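To keep things clear, I will list the structure first and then write my remarks on it.
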Amino acid sequence: MKLAERQLQFMTRLISADDEAVEPSFDERGTAVYLNNYRTSLIDALKDIFGRTLAYAGPEGFERAAVHHLVTSPSTSWSLDHIGTGFPDTLRNLFLADAEVAELAGLELAMHEVFVAANSLSETLERFGERAAAFSDDDWIDMNIPIVPSMRIVPCEYDLISWWNDRDSAPARLPAPKFALVWREEETPVFLLIEELEKQALEAAAQGVTFGALCDLVAVRRATEDETSLVAGMLRDWLVRGLVSESQDRPTMHDARGFPDG
């Protein structure tokens, strides 16, 4: 047997729940030591990412879920940064009567992904204002709003902000579902709750939809007499939060105008 084949069999044993996956030529006691150390390390990595979920679900329930996840959904990544991928879905299936467990885990995973994401330069409100001062109406209509790739949006039915700020509080359901917008301020992941309309606008902008098309989207989704001002207000907020990527791809600048008034 070639070394690569033997290594593959051994790795298969480590990530398998089937004890019969052990090749007879392997030393069972030695394999058990490796298996225990391997799974313990991965469970510890999950605990580091999902600290608040661990505290809420309890160590016993969390560890059972972690083992189940590692066995049924083994990571294919070389990095422990990705070990939590899919874990909220595992919790959703295991904690059917406690949907808040998976929701909290979804938020923690998003914050972790934002934290380890590659750095990207953000446009500032001041720089954008200077450039936009010369935009024509057509420039505004055709302008793309590149969103930083590290941004995450997590659906939520619980008041995650109050729960996050007070670990001893009981998770309270929101009057209506919202979305947790997660981004990074310098080195710190932060989040706030947004309405579905802003979530749709952010996702559309991230996909390359222009400012003019965002105004059309808002006009369809919400009855308003001034969708342009509403989208411009969203854009201001995104710039202040550092959600807009710095880009050299800018409209031609002529006719001074600043932010559109509608």
query: Given the structure, is V101 surrounded by 14 or more Cβ atoms within 10 Å (Cβ to Cβ), under 13 Å from the mean Cα position of the chain (by Cα) and hydrophobic (A, V, I, L, M, F, W, C)?
result: no
message: Return the pair list, or none, for Cβ contacts closer than 6 Å from residues in segment 165-178 that are closer than 18 Å to L54 by Cβ to residues that are part of a loop (DSSP other than H, G, I, E, B), at least 6 apart or on different chains.
response: none
- prompt: Could you count how many residues in segment 75-97 are touching a residue at least 24 places away in the same chain (Cβ under 8 Å) and over 16 Å from K47 (Cα atoms)?
  reply: 2
- prompt: Quick one: is A102 touching a Lys or Arg at 6+ places or on another chain (Cβ under 9 Å) and either assigned by TED's automatic domain parsing to the domain that holds S169 or free of Cβ contacts under 8 Å to residues at least 24 places away in the same chain (or both)?
  reply: yes
- prompt: Within segment 139-165, can you find the residues that are of a type in the set (G, A, S) and closer than 13 Å to L192 by Cα?
  reply: S162
query: If E108 satisfies every condition in (1) in the same structural domain as T228 (by TED's automatic domain parsing); (2) among the acidic types (D, E); (3) under 18 Å from the mean Cα position of the chain (by Cα) but one, which is the exception?
result: (1)
query: Hey, any hits in segment 69-80 for a residue that's surrounded by 18 or more Cβ atoms within 10 Å (Cβ to Cβ), assigned by TED's automatic domain parsing to the domain that holds L243 and over 27 Å from K178 (Cα atoms)?
result: no
- request: Go through the residues of segment 51-65 one by one and say whether even a single one is surrounded by fewer than 13 Cβ atoms within 10 Å (Cβ to Cβ) and modelled with pLDDT under 90.
  value: no
task: Pick out the one residue from S122, S136 that is surrounded by 15 or more Cβ atoms within 10 Å (Cβ to Cβ), closer than 23 Å to L193 by Cα and either touching a residue at least 40 places away in the same chain (Cβ under 8 Å) or in the same structural domain as D168 (by TED's automatic domain parsing) (or both).
output: S122
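Which of the residues belonging to segment 147-158 are over 15 Å from V240 (Cβ atoms), buried (at least 17 other Cβ atoms within 10 Å of the Cβ) and not β-branched (V, I, T)?
Scanning segment 147-158 gives S150, R152, C156, Y158.
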query: Which one of the conditions (1) in contact with an Asp or Glu (Cβ under 9 Å, 6 or more places away or on another chain); (2) in a helix (DSSP H, G or I); (3) closer than 30 Å to G212 by Cβ; (4) of a type in the set (A, V, I, L, M, F, W, C) does F135 fail to meet, given that it meets all the rest?
result: (2)
message: Restricting to segment 224-262, name every residue that is more than 15 Å from M143 (Cα to Cα), charged (D, E, K, R) and at pLDDT 95 or above.
response: D237, R241
- line: When every residue in segment 205-242 that is within 21 Å of A117 (Cβ to Cβ) and among the small types (G, A, S) is compared, the one surrounded by the most Cβ atoms within 10 Å (Cβ to Cβ) is A205
field: Considering residues of segment 152-164 that are at pLDDT 95 or above and aliphatic (A, V, I, L, M) only, the residue nearest to A55 (Cα to Cα)
entry: V154
- prompt: In the set L192, L230, which member is under 21 Å from the mean Cα position of the chain (by Cα), on the phi < 0 side of the Ramachandran plot and either in contact (Cβ under 8 Å) with a residue 12 or more places away in the chain or not in a helix (DSSP H, G or I) (or both)?
  reply: L192
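The values are calculated or read from the model by the stated rules, or taken from the named source; none is laboratory data. Keep in mind the model is a prediction, meaning the values are calculated, not measured. Heads up, the Cβs are rebuilt from the backbone with ideal geometry, glycines too, and the neighbour counts pull from every protein chain shown.
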